[in-house]
Amino acid sequence: MDIKKLENQLQNLLEREKRQWTKTAQLLIDIERSRLYRKQAKSFSQYVRQLAQKFKINESSFWRIKRAG
């Protein structure tokens, strides 16, 4: 798996397919389980903060989606 590909899929889901929260949750879970975030951050929490800033989305939205998934 490539983290850039997964991030592009995440961005696409968040921008164009907002109701696809299950797919978004699965991508976040996959990134966490495979530990792909380690290339960009020391922890998954730090990675989620970076993603939130990058996609201009509230960090809590990512946590809520992941928890629901």
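Every number here is computed from the coordinates shown, using simple stated rules; none is lab data. Predicted model, so just to flag it, every value in this text is computed and none were measured. All Cβ positions, glycine included, derive from the backbone under ideal geometry; neighbour counts span all protein chains shown.
Laid out as a table, the results:
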{"item": "Dipole magnitude (debye, nearest 20) for the chain, charges at Cβ of Lys, Arg, Asp, Glu", "result": "100 debye"}
{"item": "Per-selection Rg to Rh, the chain - Cα, Kirkwood hydrodynamic radius", "result": "0.91"}
{"item": "Cross-link partners of K39 among aspartates and glutamates (Cα-Cα below 20 Å; sequence separation of 8 or more within a chain)", "result": "D2, E7, D30, E59"}
{"item": "Top positive-direction residue, dipole computed over the stretch 3-68 with Cβ charges, set Q9, L27, S45", "result": "S45"}
